[in-house]
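Peer 1: My questions all concern the structure below.
Nothing in this text is a laboratory measurement; each read-out follows from the coordinates by a stated rule. Nothing here was measured: the structure is a model prediction, and the numbers come from that model. Glycine also receives a Cβ, built like all others from the backbone with ideal geometry; neighbour counts cover every protein chain displayed.
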Amino acid sequence: MLENLALGFKISLSFQNVIFCFMGCTLGTIIGVLPGLGPAATIAMLITLTYKLDVTSAIIMLCGIYYGAQYGGTITSVLLKIPGEAATVVTTIEGYQMALQGKAGKALGIAAFGSFIAGTFGTVLLSLLAPPLSELALKFGPPEYTNLMILGLTLVIYLGGKSIAKALLMGALGLALGTIGLDPVASFPRFAFGSQSLLDGIDMAILAMGLFGIGEILYLAEHRVSGVSPCEVKCPDTLRELLPDRQDWGTSIKPIGRGSLLGFLVGVLPGGGAVIASFLSYAMEKKFARDPETFGKGAIEGVAGPESANNAAASGAFVPLLTLGIPSNVVMALLIGAFMVHGVTPGPFILKEKPELFWAVVTSMYIGNIILLILNVPLIKFFVKIIEIPYALLSPLIVFVCLIGAYSINNKSVDILLMILFGCLGYLMRKLEYEAAPLMLAFVLGPLLEKSLRQSLAISQGSPLIFFSRPISMALMGVTLLFFFSPLLAMLFKRHRFVPGLSPERESHDETG
């Protein structure tokens, strides 16, 4: 292993490869900041331009774009409540609230450090555990994915704030929006209303920019027109205020660790990815928090955990790509295309036939994470200056960026109309105190659940016993039931917790005395 890492670093630390790694990380950060474009579209545009490059340099640059975008998407999520990248949607919940309290620098700082730790941790695991983890991922069939998605939807309860009913309603709306487009099995249109533009479904970036970006602008505009002063984002002045202090690190270190491990494991699974990892991490941190009431009000754990999870998931996604040649998401599928453009087929034989390429790509991730930390931490103070722009100038700029981002996804004007529609929905949800996180999670997981559920029932010829006849599937179902009934069990335990032999009224009277 040490010899392989030495070989990889010898290649990835060459001047040419370091420059291309730097270019990829920088471009990825910029792409992450710009909502709508995303790493998939960028890599798709650059694949043909890398044809004349050395295969190692080309893959290192394209990989840097992918995990660099996870860093960049945090900036606008925290400062403007606009998710620059789909995986940073969850960061808007707590990050923006921290910014309102004058802690924008701390949110960006813990996100940068957490991302570096998680990215490095994920790369270490990629180096050590790639072959055995890829075999584990192969054991996940449709029944396992069905129960995994059900587990994710069960966590909607923990994303919904105080009201479980509102969380379930938002989850149902997210599932409904996820059914728009072509049926995943029979390929007939559903809820497209005769529009060809809706046959591909609704893009997550459109929904996120509408709910979080346009919805927030409308809400703040209403308060200003009515004379009510909304919360202003405060800009810290000193470097000490910008970076996380000892207390912040004490609160965040466990979420960073849990998010790193969870994110990597989810990233290894085909169809998992950084988006699902960040949602699951946020729900898990809310479950483990000593004071869940702080979530939704600027809990730093809600930034540290998801940001670590999405970066670790980005590293984990390379396990099935490099060891089995199986893409776990759209970006990985594009990277397979980039490999093939240069005459290399990723998979089990790449370690034997091209070990220098495999280990150069792996070790370049160590270098890339260091580059991203060096790029992002010193620039936090400049990023935070964005929130000092007067609101009269900033709000039209946000709307303009959202409009450009919405149109750039598919080059369709209908996407702009959809984003404005979801912006109005986000405004109403904000006024009526409905959380957007359950809607987003259900929107992401719904199509995956439907596809795996129907595949499972097709395999078992309609028998639901298939979900209970496989060990991994049964384990996931057990965890789901535990999460589902835990609020009820906690409520019952709280009501019946009294000294044996005394009635609750007697105990209450004795305690009062």
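Peer 1: Roughly how many Å is it from the Cα centre of the stretch 189-224 to that of the stretch 50-71, as a whole number?
Peer 2: 31 Å
Peer 1: With the Cα gyration tensor of the stretch 406-463 giving a ≥ b ≥ c as the square roots of its eigenvalues, does the rule (a/c under 1.5 for rounded; else a/b larger than b/c for prolate; else oblate) give rounded, prolate or oblate?
Peer 2: Oblate shape, in that a/c is at least 1.5 and b/c is the bigger or equal ratio.
Peer 1: Run through all the Cα pairs of the stretch 158-213 and give the fraction in each 5 Å bin from 0, expressed as whole percent.
Peer 2: With 5 Å bins starting at 0, P(r) equals 4, 18, 19, 21, 18, 11, 7, 2.
Peer 1: Amide H to amide H under 5 Å from R190: which residues, 5+ apart in sequence or cross-chain, H placed 1.01 Å off N in plane?
Peer 2: G181, L182, D183
Peer 1: Could you check the spin-label model distance between L397 and S469? Points 7 Å from the Cα along Cα→Cβ, value in nm.
Peer 2: 6.0 nm
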